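Comments concern the structure below.
The values are calculated or read from the model by the stated rules, or taken from the named source; none is laboratory data. The structure displayed is predicted, hence computed values, not measured ones. Because the Cβ atoms are built from the backbone with ideal geometry, glycine has one as well, and the counts that use them run over all protein chains shown.
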Amino acid sequence: MEEIKYFKAFIRVVKSLSNERSGDGFFGSSLFGAENIVEERFIESKDKKGVLDFLLNKYPQFFPNNKIYTRETKDQAQFFYVVIFELYPHEVSEHKQDWKCSNCQQEYSSKYLHKPVIKYYDENLYFCNNDICDIEFKKQYYSQNEIPDDKKYINTNICYIYKITEKGSGKCYIGKTLNAPFFRWWNHLTHSGSPFGIYFRQSNLSNWTFEVVEILEMNTDSEVFEIESKYIKLYDSIDNGFNTLISKKTI
Ligand SMILES: [Zn+2]
């Protein structure tokens, strides 16, 4: 008996053929991309021929005269063709795993067909890959972790290590940013959903001091990480301050 294998297959349509002059001066027929119009992501079959038969049977509308192109040809203005891949072993094993969204509780029978967003600080929490559950994922994630730098406002490679201190208690928060420090502090005040951010926002701004403790230029991520960690230890800002986690390697 022949072994059953697992495949994925895509039926594609060539979007347009043109005789226009292309950018590099080549004059001739060119193909302007193709688009998947059918994605069959899990097909059991003993070989690729079986996959083709399956597609022909299920989607006869794409294959006039029962003819399937399996590679691109340029002799027709529009045609459909098929590409077939055998699944990787990890895709087959993911296919057999079921999971449940930690937000909407939707149950899925396959991690391969429905890929979860994994909350990476807790591998057991999965979220649907859609806007609603994604927003919930970010909300939960950033309730534990500080919001990241705003990439739109980074135009230097200067990194600032900063310290925000509560005057009365002397407790502080150490952070790093590639944004302008004032911008970063404003973000903490207005956007952060972490325990520190919430506490910070509920208190009076005049209770706090803001300072840049070191300016780093041209340092690697791991050097920045080390220096930030040094200040976190120096000011004991985890056990006796507002840092909840040891610094992450990414800025
Ligand atoms: Zn969900």
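Numbers for the structure displayed
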{"quantity": "Any chance residue 163 is in contact with an Asp or Glu (Cβ under 6 Å, 6 or more places away or on another chain), charged (D, E, K, R), over 30 Å from residue 105 (Cβ atoms) and modelled with pLDDT of 90 or more", "calculated": "yes"}
{"quantity": "Some residue of the stretch 206-224 being over 28 Å from the mean Cα position of the chain (by Cα), closer than 24 Å to residue 138 by Cβ and either loosely packed, with under 14 Cβ neighbours inside 10 Å or of a type in the set (A, V, I, L, M, F, W, C) (or both)", "calculated": "no"}
{"quantity": "Near pairs, Cβ below 6 angstrom, 6+ apart or cross-chain, from the stretch 122-135 (farther than 19 Å from residue 98 by Cβ and at pLDDT 85 or above) to any residue that is outside any helix (DSSP H, G or I) and within 9 Å of the ligand (Cβ to nearest atom)", "calculated": "none"}
{"quantity": "Selection count where residues are away from the ligand (no atom under 15 Å from the Cβ) and either in contact with a Gly (Cβ under 6 Å, 6 or more places away or on another chain) or without any contact (Cβ under 8 Å) to a residue 40 or more places away in the chain (or both), scope the stretch 95-109", "calculated": "2"}
{"quantity": "Any chance residue 164 is part of a strand (DSSP E or B) and surrounded by 12 or more Cβ atoms within 10 Å (Cβ to Cβ)", "calculated": "yes"}
{"quantity": "Residue 129 being near the ligand (Cβ under 10 Å from one of its atoms) and part of a loop (DSSP other than H, G, I, E, B)", "calculated": "yes"}
{"quantity": "Residue satisfying condition, being modelled with pLDDT under 80 and within 16 Å of the ligand (Cβ to nearest atom), within set 144, 140", "calculated": "140"}
